[in-house]
Amino acid sequence: MKGVVLAGGSGSRLDPLTRVTNKHLLPVYDKPMIYYPLKTLQDMGLEEVMIVTGDKSAGEIMRLLGNGSEFGFKRLNYAFQEGGNLGIANALSLARGFVGNDLVCVILGDNILLGDLKVGAVGGAKVLLHRVKDPGRFGCPVFSYSDRDREEEKFVDNFINPKSMYKIVRIEEKPKEPKSSYAVIGVYFYDSFVFRIIDSLKPSERGEFEITDVNNRYLQEGKLEFDVFEGQWTDAGTFESLYKASKMVRKRGKHE
């Protein structure tokens, strides 16, 4: 398996901090934000990683991370996303040659995970869920009972035994009325078929190639699995979540 960290985007929700730098270089407690997804990949034992960045401070990211030896990677690759914010799926498409026929773990560069990330087998695609107070900010899963005789949708606020009781029937991107209290966090596992799906996408109303459309396509094919991440997680893409991330890391006391 190879790893891809997506560290582009304009970071407009963190303006004016991001007017002169990439948001992934902003500090989360005592380290740059981008260190945390890289540490997650390191802890998973991955050795080949690509960072996809954009037109803001790409050189600074390269100077900061170099060849990736600080994280024990055999190789740290870089790709450059041109044309502004075209969406997560578009950024991932730039890693096609790097990934080849391997499996890939994709992490958004503003995702902070504290805790063990157990991957398991990936036969198609897998997303990670986490219970949050504001699921409408994210991709939000819609569940139904997994029993064929009980296909009605159900609002899920907590899990007892998720894989035996519920299945995801679709994922809604930033819904105004979320159908569950869970968010699809920015960690995705795909086989190489993901690039064929990306090739078939059309831009959303936001003008972006949405990763939610990729995940829903895997759902239609019956090849999307999910796990619940049981550690601590937050994004760091807003002022409130950036502050939360720093507090979370400081309290955990593990900044290696």
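Throughout, read-outs are computed from the coordinates displayed, never taken from laboratory work. Quantities reported herein were computed from a predicted structural model and do not represent experimental measurements. All Cβ positions, even for glycine, are placed from backbone atoms using ideal geometry, and neighbour counts span all protein chains on display.
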- Once the piece of chain linking Leu64 and Lys118 is laid out straight, how much longer is it, given 0.36 nm per residue of separation minus the C-alpha distance between them? 16.6 nm
- Message: Could you tell me the calculated FRET efficiency between Val169 and Val20, based on Cβ-Cβ distance and R0 = 35 angstrom, to the nearest 0.05?
- Response: 0.20
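Give the shape of the stretch 79-118 as rounded, prolate or oblate, defined through the alpha-carbon gyration tensor: a ≥ b ≥ c are the square roots of its eigenvalues, a/c under 1.5 means rounded, and otherwise the shape is prolate if a/b is larger than b/c and oblate if not.
Here the stretch 79-118 falls in the oblate category.
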- Assign one of three labels to the stretch 1-64, namely rounded, prolate or oblate, based on the Cα gyration tensor with a ≥ b ≥ c the square roots of its eigenvalues; rounded applies when a/c is under 1.5, prolate when it is not and a/b is larger than b/c, and oblate otherwise. prolate
- Neighbour-limited loop hits for trypsin sites (Lys or Arg not before Pro), the stretch 172-210 (at most 15 other Cβ within 10 Å; DSSP other than H, G, I, E, B): Lys176, Arg206
- Query: Taking the Cα centre of each part, how many Å lie between the stretch 1-26 and the stretch 67-116?
  - Reply: 13
- Item | Karplus-derived 3J(HN,Hα), 6.51/-1.76/1.60, for each residue of the stretch 112-119, Hz, glycine and proline x | 10, 10, 10, x, 6, 10, 9, 7
- Message: Run the simple label-point estimate for Glu82 and Glu240 please: 7 Å along Cα→C-beta, distance reported in nm.
- Response: 3.9
- Extension reserve of the Arg206-Asp55 stretch, reckoned as 0.36 nm per residue once the Cα distance is removed: 52.4 nm
- Item | Inter-site label distance for Arg250 and Glu230 at 7 Å from Cα along Cβ, in nm | 2.9
